[in-house]
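Written below as structure tokens is the structure these notes are about.
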């Protein structure tokens, strides 16, 4: 193992303590949510009594097998230390049990004193940008790489003097709904502490790895198998409230949502906010809280064994595509954010990386699409129906994907479905793909070719696809629909020449209207795929003969401009693809 442990004894004076840390007994944890600092313990042997570990000093654990700009596994600071004999019995031999606080602990160090901390009314973004210029903040964090300027919200004038740096960031995060934590950025020649201030829905700071418990997904290159015994989902209703009382400097507001009470129970909470000064901003904040309180909190705990050279390809705060076939709502690839990471040195070749994951990137805002309810691929190309795992829900949206061979464009007339995009590639025997949709009705048996009127078990569950042929690959996705959808903004890529780039063409959703963008594609060759940044790969299937079937998507709460979905192929192939946008009206 090429692990290295360093203790910063004084300014600029690192002491290499690698030989004093017991092999395969190190387990350190880092957090990445709302500035929380995780605590860990490092055991350091001191056989000659020559080590004097002081408090509030930096400790760094690195792995030199990693890339030159990604070697730091952990960087934290010493808290209380317990000194004992440990395994030593004579002379000055001793053991240090040093408690460590992770990098987020630096946010609480400084108190604002300058007159500029008396802030005027401004946006959260402007306030964070001001904070970065202060001596109190710049003494600990100088890197603004991961500060998002998207979707600024207005904030009241407030005097932050005698409050801490993290109090300002937290106040901004409470108003905007963004998250914050400290990142160790090794891109500069000298590693820096960077502030992450962005939505959990952001695609910034993404892992290049994927996690799965589905054997066919795992290649041990980019997709790694998780440890079954370490994988579980905690679904917690603690944050669910139907009413929020928000006391502020000037009164209080009370915001309720009857829909939450109907779905769960009537339940209130208090959220005192001393830095809020007006009823308008108090109401805005309480309304945001109630939107967050509408759903239970899912946290998936899992662990993966990674080689030395990949240990930092999955870090706290990163987004990662993950799939867990046995967990409800996670049977397809979801983009999730790493809430906490614990790294354990387990052998000379590997580390065990344990993570807690939250479904942040695709947890919708109040008016955004609620996400994918279920998805089912029919792998029997000789039949012409798809049976969902659960009955579809009235009012939800169903999206049908079709790929074909030797038939040109798919037949546009599939009974009960509306085709909105289709593409083909005549360069390889007329392979083609298409997207259809429909809105679920109360009783799908009334729709010709859908379900079976004589079998109630298939109503709203089994969809017979009249108009297609044996040999077509078909799949259906169900999307929760809190509002009416306007289908449109499509792109078609026909007769794409052989290439390692597979895209569905640019689409421009209605600005500000929450949407889901979906792309279906077919390739002539059986190639592996790596989704482009911002694209979540939903499925990839090869039935033993061309075409290969692929589906990806992206959910955007407030779109602006154009978006292109797609993937990079492991080898050049002929392709065609279609992309469709479903926006709320």
Does residue 309 satisfy the criteria of being modelled with pLDDT under 90 and farther than 21 Å from residue 103 by Cβ? no
Within segment 430-451, take every residue that is exposed (fewer than 15 other Cβ atoms within 10 Å of the Cβ) and part of a loop (DSSP other than H, G, I, E, B) and give me the one that is modelled with the highest pLDDT. 442
Segment 133-231: strands (runs of 3 or more DSSP E) wholly inside it with 1 or more residues that are within 16 Å of residue 315 (Cα to Cα), free of Cβ contacts under 8 Å to residues at least 60 places away in the same chain and not assigned by TED's automatic domain parsing to the domain that holds residue 326 are 179-185, 192-198
Inspect segment 29-48 for any residue being under 27 Å from residue 307 (Cβ atoms) and outside any strand (DSSP E or B) and give the result as yes or no. yes
What do you reckon, is residue 126 at pLDDT below 95 and either within 30 Å of residue 188 (Cα to Cα) or part of a strand (DSSP E or B) (or both)? no
Just one of (1) part of a loop (DSSP other than H, G, I, E, B); (2) over 26 Å from residue 553 (Cβ atoms); (3) touching a residue at least 60 places away in the same chain (Cβ under 8 Å) trips up residue 266, so point out which. (3)
Answer yes or no as to whether residue 81 is touching a helix residue (DSSP H, G or I) at 6+ places or on another chain (Cβ under 6 Å) and part of a strand (DSSP E or B). no
When residue 137 is run through (1) touching a helix residue (DSSP H, G or I) at 6+ places or on another chain (Cβ under 9 Å); (2) modelled with pLDDT under 95; (3) crowded, with 20+ Cβ neighbours inside 10 Å, the failure sits at (2)
If you go through 105, 68, the only one that is in a loop (DSSP other than H, G, I, E, B), within 27 Å of residue 340 (Cβ to Cβ) and either modelled with pLDDT of 95 or more or assigned by TED's automatic domain parsing to the domain that holds residue 38 (or both) is 68
Candidates 168, 158 - the one that is over 20 Å from the mean Cα position of the chain (by Cα), crowded, with 16+ Cβ neighbours inside 10 Å and over 28 Å from residue 77 (Cβ atoms): 158
Return the only residue of 95, 60, 82, 78 being surrounded by 16 or more Cβ atoms within 10 Å (Cβ to Cβ), at pLDDT 95 or above, over 30 Å from residue 135 (Cβ atoms) and not assigned by TED's automatic domain parsing to the domain that holds residue 185. 95
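The values are calculated or read from the model by the stated rules, or taken from the named source; none is laboratory data. Keep in mind that this is a model prediction, so the values were computed, not measured. Ideal geometry is used to build each Cβ from the backbone, glycine not excepted, and the neighbour counts take in all protein chains shown.
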